[in-house]
Amino acid sequence: MGLLDGLRVLDLTMWRPGPYATQLLGRFGADIVKVEPPGGEPMRVFRDHFDVLNRHKRSVELDLKTEAGLARCLELAADAEVFVEGFRPGVADRLGVGYARLREAAPALVYCSISGYGAEGPLADVPGHDVNYRAYAGALPQDTTAAGAELAVADMAAATMAAFAITAAVLKARETGVGERIDLGMADVLADWVETSPVMTDADAPVPGYGIYPTKDGRTLTLGVVSEQALWAATCRALGLERHADVPFLQRFERLKELDGEIADAIAALPRDEAVARLSREGAPVAPVLTREEMLEHEHFRARGIGTGPVRMTNRPNPTRGTAPELDEHRGEDWRRAD
């Protein structure tokens with residue numbers, strides 16, 4: 001029995017943010033019915049990606065532009081506690097599934113809209129994807145030239161925030177009988193992160209031993225030394241820089257370029273795995289920069305059960321990996337009954 005067993009979620013989202021948000025809820029036992037357009041969600045052509053984002057769900061294919069399709073969607077929504085959509089602002093209303101209409105039949109409904117820039121504001125109607133939201137939010141380095149292939153930070157951050165906000169709103173709706181409209185912009189989430197982070201100036205530069213360092217074999221590793229004297233000393237010992245092991249934090253900060261340059265040179269003379277092994281033996285805060293494939297094969301993440309989610313439970317079963325539904329696999333089914 002999951003923590004969200006009995007929670008009914010109608011999911012009209014596509015691509016990445018909405019599907020990941022509802023998948024997070026499904027991991028904890030929520031009953032997720034995914035409504036797909038005729039022919040299925042476009043992401044189905046990227047089946048590996050689709051399957052990961054749509055585990056723990058059931059699928060029905062509905063054409064909301066037809067009377068029968070809209071009627072079935074409204075029927076499901078009337079008995080749902082949560083409705084999630086990821087259309088551009090205004091599209092849900094035009095399709096007949098906007099918040100004002102759905103709340104008439106379900107006053108306690110939690111209605112979550114996920115969009116790039118939110119439902120209101122000067123950018124609300126501007127199209128975009130993850131890299132655009134990061135750019136507007138000040139979450140991309142000014143000198144970056146390769147911003148398209150990394151982890152989709154805006155998408156995944158917004159999805160996680162949506163799952164959190166939905167759960168909070170459901171708690172209040174169950175208590176009061178009054179639902180909520182959640183307007184969540186992907187750029188807003190990153191803008192909040194950036195706004196709550198300190199402004200970095202030349203005087204606030206990282207201390208020696210904190211950053212990403214190239215190795216002899218063309219790979220990279222990271223060090224995470226900040227103020228801790230023991231971690232600094234361990235790093236120095238591992239790299240043959242014992243003469244600097246007793247330099248206190250403030251002096252390290254003042255000698256940033258000199259000391260960090262020596263660390264970088266020492267690491268650059270070693271293959272990545274050897275450098276990681278040396279630093280690890282001394283207790284330094286080191287981590288190799290892994291590829292996705294290396295991460296999936298790493299003993300730590302295999303032991304932690306990566307793929308079932310990042311949360312581990314003590315008093316209830318941990319989430320299972322789950323499977324993604326085939327298109328329209330669950331046509332005609334109603335909501336599941338809670339155990």
Pairs with Cβ under 9 Å, 6+ apart, first in segment 272-297 and at pLDDT 95 or above and open to solvent by 50 Å² or more (accessible area, probe 1.4 Å), second in a helix (DSSP H, G or I) and among the β-branched types (V, I, T): E282/T235
Test: residue in segment 257-269 that is within 9 Å of P208 (Cα to Cα), in contact with a helix residue (DSSP H, G or I) (Cβ under 7 Å, 6 or more places away or on another chain) and of a type in the set (K, R): no
Boolean, L259 is modelled with pLDDT under 95, more than 32 Å from the chain's Cα centre (by Cα) and of a type outside the set (F, W, Y): no
Filter result (in a loop (DSSP other than H, G, I, E, B) and either surrounded by fewer than 15 Cβ atoms within 10 Å (Cβ to Cβ) or of a type in the set (A, V, I, L, M) (or both)) within segment 255-264: none
Odd one out for L4, checked against (1) in contact with a Phe, Trp or Tyr (Cβ under 6 Å, 6 or more places away or on another chain); (2) over 23 Å from G332 (Cα atoms); (3) open to solvent by 60 Å² or more (accessible area, probe 1.4 Å): (3)
Residue list for segment 86-118, restricted to those being more than 19 Å from V170 (Cα to Cα), over 21 Å from the mean Cα position of the chain (by Cα) and open to solvent by less than 40 Å² (accessible area, probe 1.4 Å): P89, G90, V91, A92, L95, G96, V97
Looking only at segment 111-160, and only at residues there that are under 18 Å from Y20 (Cα atoms) and charged (D, E, K, R), the one that is modelled with the highest pLDDT: D155
So A100, is it at pLDDT 95 or above and either in contact with a helix residue (DSSP H, G or I) (Cβ under 8 Å, 6 or more places away or on another chain) or assigned to a helix (DSSP H, G or I) (or both): yes
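The values are calculated or read from the model by the stated rules, or taken from the named source; none is laboratory data. Everything numeric here is computed off the predicted structure, so don't read it as measured data. Don't worry about glycine lacking a Cβ; one is built from the backbone with ideal geometry, like all the others, and counts go over all protein chains shown. What goes into the accessible areas is simple: the full protein's heavy atoms, side chains included, and nothing from ligands, DNA or RNA. Shrake-Rupley method; radii C 1.70, N 1.55, O 1.52, S 1.80 Å.
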